[in-house]
Every structure is written in structure tokens, then in C-alpha cells.
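To start, the structure under review is shown below, and the notes come after it.
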Amino acid sequence: MDSRLADLIRHGPIDLRRVVIELTEHTPVVDYGLLDESLRDLRKQGLRIAVDDAGAGFSSLQHILQLKPALIKLDRQVVANLDIDRGRQALGAAMVSFADHIGAQVIAEGIETAAEFQMATELGMTAVQGFLFGRPTADRREWQRWDTALELPRTVSAPTESGRLPPFPTPGPDDALRRRTERDSSFLYVAADVFDALPDPTVVLDGGGFITATNQAWRAFGVRNGGGPEFSGVGVNYLDVCRRAADVGDRDAKEVLEGLIAVLDGEIDESDREYPCYVAGAVYWYLSRITSLGASRGAIAAHLEITGRRPDLI
């Protein structure tokens, strides 16, 4: 958003086509419209946008939806054990298909084993990074040792002419309407798969605060904290959930409620609140993040575990 950045990039010694601006899961964006406007001319000249930590939480998906990046960097949290974890495979495949729909490329971050590399390529990821290929260094001599010519596993399916593995079966050419219908239907299934595979407990709320969708992590979160679908499932009003907790003296719930009301009323775009959760004698810390979906369209509510990030607990 600083105008000096554009001047620095334009008049720098590096071709704009080699410059990538990266946003992470933890990068706050107050106004996507202003950000997009400030980058538009630079992107036309070749600058690319990358979203890091994809799959680690809702904020990265919001960056992807709002900014349409050229590069989506799949978080190491998803890539680790990709070869043996079917849930991670489902999220990876869904992200590749999602990227194809918006014209982006998925990069698998943190590849450390040949098995992870093989699965990433089988899922259609055409770029990877990680210790398997080389560790970060400023030593030019080390760059020469980076192994960027590893052979693809023989079991990998043949890519298309564009270099990508096809995300969906290609519909026949005889019916344009059917092709569009199948494409749109596939996109909806992909979006649902991505949402359900998010590692953080996440729900979609309508403009009145009613829960319209929950992901797998949210459902498990509810059970772990002594609740179930009747307390935090689809059709339940999340405003009422917070009010009941606030009415019995829960100050954290009261502050989450205030933030939720402000987001749904359009007064703010996002509300964050850290709070403790006591389960079986242990204390876990969470960040309640409520993000607006636009005027009168509701919000996304997520609970991100941050116990390991609090220095007073380490």
C-alpha cells in the first residue's frame, strides 16, 4: 500500500516477471479493494502474487478468493505425510482443482521425502520446494548442488500438453451447456472439499448468525468440548451460543459476541479474540476469528489453536 514500493519495483534492476509478492496466512488485509487497485498496474507488467500457508486456515483462502493469485503455496502442515494421509491427499487434490479454476499454480511447500514428492506430483502439483531438493542458503556454491533435476516417479500419470494433470474428466465436446454445468458442479464439490478439510474448526454464518455449514474440524471441536450438533451444528444460531455463555459470566464469550455482532452489522470486517479452553484438566488457547463475507451475507467463524504461540505457556 506504500506508493514507494511500486517505484522501487518499477525502477529496480529485476524484470517484473521475476518478482513475486507473497502474502501469508498471518498477513492482515483491511481492504482488499485498495490492495488490488495498488497492485493492478504492476500485475499487468508481469508482477505475480503468491499466497503462502494455503490450507493452514481461512485467511489464506480469503486471500486466494479476493486476489486471484498466480501462485498458491500449499502449507507444510498439509504436505507433511502427504503420501500416507488420505485427508491431506483430499485437501491437496481439491486445492489443485480449485487453482485450475482460477488459473493459478499450486506449489507444495516443505517436501522432505521422495514419497511426499511422488504424491504431490500424482495429485497434479507442478512445482515443489523443500529440503529434499536443497536447504536455503546465500552461498552461490551451494546453489549449484541443489537437486532440481530429480526424475519424476514412474507411477505419475501423464500430464496434459499444458504440463498439468487434468483435475476432472473432460466432458464431451457435443454439449456446451453440459460442459459448463459439469464444470460448475465440480467447482462446488471442490470448494466443499477444501472447506471440510481445513484444519481449523470453521463455520459459515448467515446474516442472522445462523450456522449454515460446518467443517469436520468444527464438528470434532464441538464434541471435544462437550457439545454436539444440537449445540453448534447447522441451524443453530451462533449468536445465541455466545449469549448463553456470556449470560453465565463468561467474559471471553461476551467479547466474542460483541465482535460477532459488529461483523454481522457491517461495523468491522474482522474480529479476533484470544481465549482459554479447559479440557480434561489441560488448558488450550484459541484465537476466535470472525471474518465478514460482505454486507448482509454473513461471516466465517474459526477457532485457531495458538497454545504453542503463547510465550507464557512455552
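Quick notes on this one:
- Whole-Hz Karplus values for the stretch 79-90 come out as 6, 4, 6, 4, 6, 10, 9, 5, x, 5, 4, 5 Hz, taken residue by residue from phi with 6.51 cos²θ - 1.76 cosθ + 1.60 and θ = phi - 60°; glycine and proline positions read x.
- With the charge dipole of the stretch 33-126 set up from +1 on Lys and Arg Cβ and -1 on Asp and Glu Cβ about the Cα centre, the Cα lying farthest toward the positive end among the listed residues F98, A54, L82 is that of F98.
- On the beta carbon distance between R243 and L287, with R0 = 22 Å, the FRET formula returns roughly 0.60.
- The HN-Hα couplings worked out from phi for the stretch 242-248 by the Karplus form 6.51 cos²θ - 1.76 cosθ + 1.60 (θ = phi - 60°) are 5, 5, 4, 5, 5, 5, 9 Hz, whole numbers, x standing for Gly and Pro.
- Label-point separation in nm, K68 to L8, each point 7 Å along Cα→Cβ: 2.7 nm
- Efficiency of FRET from Cβ geometry, R86 and R145, R₀ 22 Å, rounded to 0.05: 0.05
- Long-range amide H partners of L293 with built H, under 5 Å: G298, A299, I300
- Size of electric dipole in the stretch 1-147: Cβ of Lys, Arg +1 and of Asp, Glu -1, about Cα centre, debye, nearest 20: 440 debye
- Once both labels are positioned 7 Å from their Cα atoms along Cα-to-Cβ, the gap between A138 and S38 label points is 2.7 nm.
- The label-point distance for E267 and F210, in a model that sets each label 7 Å from Cα toward Cβ, rounds to 2.4 nm.
- Full-extension gain in nm, L16 to E112, via 0.36 nm per residue minus C-alpha separation: 31.5 nm
Every read-out reported here was derived from the displayed coordinates using simple, explicitly stated rules and does not represent laboratory data. This one's a predicted model, so the numbers in the text were calculated from it and none came from an experiment. Methodologically, a virtual Cβ is constructed for each residue, glycine included, from the backbone with ideal geometry; neighbour enumeration extends over all protein chains shown.
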